[in-house]
Amino acid sequence: TVGAVAIDRNGNIAAATSTGGITGKVSGRIGDTPLLGCGTYADNLLGGVSTTGHGETIMRFNLAQKIMGKIRYEKKTAQVATEEACKEMTGRLIGTGGAITIDPQGQLGIYWTSQRMGWAYVKSGEIFYGIDHGKQLKEPL
Amino acid sequence: MEPILIVHGGAGNITDARCPGKLNGMKQALRAGIKHLIPTEGLSAGSALDAVEAAVCIMECDENFNAGYGACLNLEEKVELEASIMEGGELKAGCVTLLHDIMHPISVARCVMQNTKHTFLGGVAAQKFALEHGFEQLPEDSLITEDARLALKEFKECQAKGLDTTFARTELDANQKSNEQGPS
């Protein structure tokens, strides 16, 4: 699965996610990626999210919408909302996954409960990126 | 507001061997997408929607990612693709599922959002819609990579041994060093 979330200079937020699903899925199986509020969500008032991981887990938990809810109702930052929602999902359903989030203030949220998640963002002419917990790399755009 | 673009390249038990390809692919996606957010000479700034579509398109072409070229295989050794895109102003969105042999499902999803009164198309109708709107139907199975075949072969071997495959791998880890059936 691949995904992107952006906020432009006018504060417009967009999110996009694309996938081949999971290896060995039954033909006809639909995952979280095309489901709004699960694989993808964007609202200029709340933020934008793209998720990845075990699709059945993410769609049953409504991961993207849970992150939006934490930002809206619990006033959590993008990072705290993303981290808490991923942990709650795995705590409750065992399956793992991750998400990237941008809130209306341009704050970022990056978290995953899987072993690894590839992530990268560009800000002020620099690329920040990583794939393992606790490791961040940087290079000029 | 300072424009920002963030991408992910998938989550799961990604093997060491696949890390460099993913990291490089994501950086390429950022470089392609950010052009739509920051005006460069002669090019006016696009929109967040253009930026996320451009970034995802780059990764759909890259076999290091489970999307487009290099996508996972289903039990029938076929690629079935799905995507969604959404903008936060009017909450417009486009979603597609069960596409096959089309390189950019994300662009088909955007086409659904911008050219129909609907939000979600799936299956044969979605495939027909894509072809009617100028998307190329690639030769059958041309999106399949050797890694994907190996990952499916390994998955079937695990199934045959009666190992739990509930959390089928979301990432191709055909060259996973250990045979552990990692979650998700």
Discussion item. Can you tell me which condition A:V26 does not meet? The list is (1) out of contact with any Pro (no Cβ under 9 Å at 6 or more places or on another chain); (2) crowded, with 24+ Cβ neighbours inside 10 Å; (3) within 7 Å of chain B (Cβ to nearest Cβ), and all the others hold.
Written reply: (2)
Discussion item. Looking at B:R18 and the list (1) more than 7 Å from chain A (Cβ to nearest Cβ); (2) modelled with pLDDT of 95 or more; (3) within 30 Å of B:T165 (Cα to Cα), which single condition is not satisfied?
Written reply: (2)
Worksheet item: Here are some conditions: (1) within 9 Å of chain B (Cβ to nearest Cβ); (2) closer than 21 Å to A:G48 by Cβ. A:R116 meets all but one. Which one does it not meet?
Response: (2)
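With respect to A:L63, is the statement that it is touching a Phe, Trp or Tyr at 6+ places or on another chain (Cβ under 9 Å) and more than 9 Å from chain B (Cβ to nearest Cβ) true? Can you show your working first?
Details: touching a Phe, Trp or Tyr at 6+ places or on another chain (Cβ under 9 Å): no; more than 9 Å from chain B (Cβ to nearest Cβ): yes.
Criteria not met by A:L63.
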Worksheet item: Of the numbered conditions (1) in a helix (DSSP H, G or I); (2) within 8 Å of chain B (Cβ to nearest Cβ); (3) of a type outside the set (S, T, N, Q), A:K87 satisfies every one except a single condition; which is it?
Response: (2)
Practice prompt. Return a yes/no flag: does region B:125-140 have any residue that is crowded, with 17+ Cβ neighbours inside 10 Å, in contact (Cβ under 8 Å) with a residue 40 or more places away in the chain and outside any helix (DSSP H, G or I).
Written response: no
Worksheet item: Only one of (1) modelled with pLDDT under 95; (2) buried (at least 18 other Cβ atoms within 10 Å of the Cβ); (3) more than 22 Å from B:I85 (Cα to Cα) fails for B:P39. Which number is that?
Response: (2)
Worksheet item: Does A:I110 satisfy being of a type in the set (A, V, I, L, M, F, W, C) and more than 26 Å from A:T23 (Cβ to Cβ)?
Response: no
Worksheet item: Counting only residues that are closer than 13 Å to B:L49 by Cβ and more than 10 Å from the chain's Cα centre (by Cα), which one in region A:1-15 is surrounded by the fewest Cβ atoms within 10 Å (Cβ to Cβ)?
Response: A:N10
Worksheet item: When region A:29-56 is examined, which residues are found to be surrounded by fewer than 24 Cβ atoms within 10 Å (Cβ to Cβ) and more than 26 Å from B:A125 (Cβ to Cβ)?
Response: A:D43, A:N44, A:L45, A:L46
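The values are calculated or read from the model by the stated rules, or taken from the named source; none is laboratory data. Since the model is a prediction, treat every value here as computed from it, not as a measurement. Cβ atoms come from the backbone with ideal geometry, glycine included; neighbour counts cover every protein chain shown.
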